[in-house]
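Notes follow the structure.
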Amino acid sequence: MYYGLLGILAVAYLVPVTWVVSTSLRTEANLLRPDQWIPNPITLEHYTSGLYEALPNLGRYTYNTLRISILSTVGMLLSCSLAGYALARWRFPLRNLWFFGLLATMMVPGHVTLIPTYVLFRKLGWLNTPNPLIIPAFFGSPFATFFFRQFFLSFPRELEDAATLDGAGALRTFVGIVVPVSKPAFVALGVLHFTGSWNGFFLPIIYLTRKDQWVLTQAIRSMLGRYDSPWGEIMAGVVLMTLPIIVLYMLVQRYFVQGITFTGIRG
Amino acid sequence: MRLRSPSGLGLNLWRDASPRARRQWLTAYAFMSLQLIGLFVFILGPLLVSLYYTFTKWDLIAPAPKWTGLRNWLHFFGDARIGQVLGNTLWFILWATSSFLLLSLALAVLLHQRRRGTTLFRALFFIPYITSQVAVGLVWSWMFNTRSGPIPNFFRLFGIEIPNLLLDESYAMIAVALVATWQALGYGITIYLAGLQGIPGELYDASSVDGASGWQRFRFVTLPLLSPTVLFLTVTSFIAAFQLFDLVIILTGGATGVAPGGPGGSTRTIVLYLYEQTFLFSERISGLGYGATIGWMLAVLIFIVTMAQFRFARSTVFFLEDSD
């Protein structure tokens with residue numbers, strides 16, 4: 001009974017997912033058939049020739065997306081883990097001011113700061129380069145810094161004390177001792193940020209208007225026609241774009257749940 | 001004991017500190033430096049500059065913004081479009097947040113019953129959440145289509161012919177909210193489950209001994225102890241809903257043959273309007289200036305609503321005494 005209910009819910013919930021996969025595997029003639037839940041015959045043409053014809057530069061878009069996602073994740077982890085650690089470990093003048101300042105700015109929507117930032121990047125000649133989507137990550141993110149602080153607060157101090165007695169500098173202690181045992185926090189935040197960046201659409205359509213700079217979300221969206229669209233290819237694109245993220249989550253699921261629970265996001 | 005000179009508190013702190021403390025301060029600031037630069041360059045600075053832009057007109061072609069005083073603000077409060085846009089956004093928030101908060105709570109309670117196999121369900125529900133809104137939007141615009149979409153077909157089983165909801169002025173926004181809820185459920189479930197796991201089992205045992213029914217246990221044990229989680233999810237889902245953009249631009253633009261924000265402007269949100277006014281329309285009111293005005297009003301609205309929620313929470317949210 002319990003499993004029956006859950007099963008029905010899961011099926012209803014996953015109808016769209018099934019429909020995407022099924023559409024992407026249908027032949028052109030069967031594309032609009034409402035009864036083809038299991039495609040017959042199954043074809044991979046949308047994934048191979050179809051997608052390649054619709055988006056000849058797919059490789060380029062994938063490279064652009066990967067570059068932005070990886071570099072901005074690295075930048076965010078670097079700047080926010082350092083700041084979160086300082087806020088959690090040391091007393092220093094104005095610490096509380098900075099902490100509450102960061103907390104308060106978590107509420108500020110990116111859309112208010114967007115326009116001046118756009119003007120700044122335009123002056124720097126960064127339009128149609130990946131910089132606007134990468135460089136800011138190297139200068140922190142209030143949410144991630146807060147998250148790291150919470151994590152390091154719940155973290156025993158004894159390990160570092162031992163290292164300090166050895167005379168290791170703060171940075172060496174951090175890199176050598178703190179980072180290796182903080183995997184859950186790094187993984188949870190890194191995956192969250194990577195996914196957000198990989199899936200992003202608003203900033204790319206503002207900063208990356210030239211076709212050779214496009215990311216995957218823009219490329220897949222561009223297949224939408226005004227009246228008619230190549231739905232087989234679009235769905236194949238959706239599957240290809242989503243699979244890496246699903247695999248990523250499956251690989252890190254354990255750390256991810258730990259990371260979320262540790263930091264008390266639960267309130 | 002040393003005498004404190006009255007001048008310059010910061011300097012005094014520095015002078016009176018031990019060398020060890022000084023070293024620690026420097027280290028702390030070095031660790032903080034990237035985030036602090038970011039706070040000023042990418043958040044606080046732009047926040048102020050953006051406020052300045054609201055008093056100017058600038059199309060980015062002229063060398064500098066031109067001061068226009070209160071023109072943007074006066075225009076904002078007289079703009080009929082703004083009325084519609086705010087209404088649309090609030091209508092979306094109403095549907096999306098209420099369905100999200102209730103459905104994910106119900107599912108989390110169901111999944112919390114620690115039976116085997118629930119991990120699989122939890123993972124399944126998480127898939128849409130980690131999928132791009134662009135992908136989700138494309139999928140659902142395909143789901144709603146009247147030729148082969150599963151939704152119109154489902155209703156056809158009962159002999160009901162429904163239109164493409166995304167093309168119907170009175171239903172388009174509700175359809176968008178439905179999609180947003182579908183996508184976010186997995187996240188809500190995960191957070192609720194973390195909250196449910198934090199509730200001590202003894203409380204349930206005690207209430208069972210007292211003869212409480214399942215519903216009473218939920219109402220008088222689970223719900224109060226879960227209220228911090230509910231507050232967290234309420235606040236964050238409102239903030240996210242205020243900023244709806246990606247989903248709407250995909251769901252109601254292109255595939256359906258209407259401009260984004262359609263039909264009849266019924267799904268134009270605050271952020272979509274900001275985007276159009278800043279980056280799209282050639283006939284825009286005052287370019288960046290009006291866009292900045294819309295952005296500032298969005299921030300103010302979010303601030304007011306969030307504060308109101310925390311105020312309301314003071315009387316309703318229940319914190320366990322011993323939880324940190």
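No lab work stands behind these numbers, since they all come straight from the coordinates. Predicted, not measured: the structure shown is a model, and the values here were computed from it. A quick note on method: Cβ atoms are made from the backbone with ideal geometry, for glycine too, and the neighbour counts reach across all protein chains shown.
Computed values, structure above
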| read-out | value |
| --- | --- |
| Gain in span if fully extended, B:Leu26 to B:Phe303, counting 0.36 nm per residue against the direct Cα distance | 96.3 nm |
| Calculated P(r) of the range B:134-260 - Cα pairs past 17 Å, % | 67 |
| Value of Rg/Rh across the range A:12-90 [Cα atoms, Kirkwood radius] | 1.30 |
| Percentage of interatomic Cα-Cα distances in the range A:1-151 larger than 20 Å | 70 |
| Net charge of Cβ neighbours under 14 Å - reference A:Asn64; Lys, Arg +1; Asp, Glu -1 | +3 |
| The range B:112-152: equivalent-ellipsoid semi-axes (sqrt of 5 x gyration tensor eigenvalues, Cα, Å) | 29, 14, 6 |
| Order of A:Glu233, A:Glu45, B:Glu276, B:Glu202 under a 10 Å beta carbon neighbour criterion, fewest first | B:Glu202, A:Glu45, B:Glu276, A:Glu233 |
| Taking all pairs of distinct alpha-carbon atoms in the protein assembly as shown, Kirkwood radius in angstrom | 26.2 |
| Space enclosed by the convex hull of the alpha-carbon atoms of chain B, per residue, Å³ | 253 |
| Extent along principal axes [Cα atoms of chain A; Å; largest to smallest] | 72, 60, 32 |
| Vicinal HN-Hα couplings computed from phi for the range A:62-73 (Karplus, 6.51 cos²θ - 1.76 cosθ + 1.60; Hz; Gly/Pro x) | 5, 4, 4, 5, 4, 4, 4, 5, 5, 5, 6, 5 |
| Efficiency of FRET between B:Trp14 and B:Leu44 - r from beta-carbon atoms, R0 22 angstrom, step 0.05 | 0.35 |
| The range B:10-53: C-alpha gyration tensor shape, a/c 1.5 cut-off, then a/b vs b/c | oblate |
| Helix A:2-24 vs. chain A, principal-axis angle (Cα, 0 to 90°, nearest 10) | 70 |
| Per-selection Rg to Rh, the range A:173-256 - Cα, Kirkwood hydrodynamic radius | 1.14 |
| Computed FRET value (nearest 0.05) for A:Ala12 with A:Leu58, which takes r as the C-beta separation and R₀ as 45 Å | 0.85 |
| A:Val179 paired with B:Leu70, simple spin-label distance in nm, labels 7 Å along Cα-to-beta-carbon | 5.5 |
| Angle between chain A longest axis and helix A:231-262 axis [Cα atoms, degrees, rounded to 10] | 30 |
| Cα gyration tensor shape for the range B:33-130, rounded if a/c is under 1.5, else prolate or oblate | oblate |
| Length-normalised contact order for the range B:72-316 - Cα pairs under 8 Å, 6+ apart - percent | 28 |
